[in-house]
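Single-structure report; data block below.
Just so it is clear, none of the values below were taken in a lab; they were calculated from the coordinates. Bear in mind the structure is a predicted one, so any value in this text is a computation, not a measurement. Note that each Cβ is placed from the backbone with ideal geometry, even for glycine, and that neighbours are counted across all protein chains shown.
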Amino acid sequence: MEFPFDINQLFPERISILDQTLAVSRKSSARPDLQENIATVLDELGRASAKAQQLTAPITSASKLQSQKHQLYLMKDGAANGGRGAVVGFLKVGYKKLFLLDRQRAHIEAEPLCILDFYIADNRQRHGYGLQLFDHMLQDKNVQPALMAYDRPSPKLLSFLAKHYNLTQSIPQVNNFVVFEGFFFDKSGSRCPPLTDQGMYGYL
């Protein structure tokens with residue numbers, strides 16, 4: 001996805017992490033023009049993601065990121081667009097307090113790291129960028145895919161999770177979130193007590 005301004009000036013790293021400040025560097029936080037361009041990128045990405053998922057409205061925008069404690073991983077291709085760079089896609093995550101049902105239909109309160117929005121530009125799909133971006137987030141958060149929750153995952157995301165992380169057995173929930181087999185088990189294979197230990201979800 002190309003823009004009429006220099007993407008490399010906004011996002012110095014191949015994968016940049018944005019939060020409520022919309023700043024990836026001191027330079028961008030100090031210059032209103034760069035902040036405005038970052039907001040434009042996020043708004044355009046949110047609209048493109050909503051269109052791809054056939055949503056009625058975007059769930060990602062600059063204003064939404066500023067008002068919520070979420071993080072957005074943005075990937076660029078620095079050599080594209082005549083060296084000005086282009087955006088490949090993004091992945092938005094955040095912790096959510098959820099009431100979930102395990103296999104025995106017992107109610108469990110948890111606050112896992114959740115996948116909230118995930119989009120790779122149409123002309124960049126099927127080149128491995130989505131996997132690179134997802135793996136970068138997993139390493140940064142030190143979390144396993146099975147220990148995450150997924151907010152209204154699209155069929156394409158479910159296929160992606162099955163192909164790359166062998167997540168195929170979901171546990172039905174009464175909300176919009178999807179969790180998979182292994183979510184309610186600790187590393188030893190024992191069933192977890194009610195999930196109050198936030199460390200297992202990437203806090204540690």
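Taking other C-beta atoms within 10 Å as the exposure proxy, HIS164, HIS107 rank HIS107, HIS164 from fewest upward. Backbone amide hydrogens, once placed in the peptide plane, bring GLU111 within less than 5 Å of LEU98, excluding anything fewer than 5 places away on its chain. Sorting LEU18, LEU157 from the fewest to the most surrounding beta carbons within 10 angstrom yields LEU157, LEU18. Between ARG84 and any residue 5 or more places off or on another chain, the built amide H atoms are never under 5 Å apart. Normalised by the number of residues in the chain, the mean separation of alpha-carbon contacts (under 8 Å, six or more apart) gives a relative contact order of 17 percent. Taking the Cα centre of the chain as reference, the dipole from Cβ charges on Lys and Arg (+1) and Asp and Glu (-1) amounts to some 200 debye. How many percent of DSSP beta bridges within the chain run antiparallel, rounded to 5? Around 95 percent antiparallel, to the nearest 5.
Residues ILE15, ILE38 in ascending order of nearby Cβ atoms (within 10 Å, fewest first): ILE15, ILE38. Charges were assigned to the Cβ only: +1 to each Lys and Arg, -1 to each Asp and Glu. The resulting dipole of the range 55-146 about its Cα centre is roughly 140 debye.
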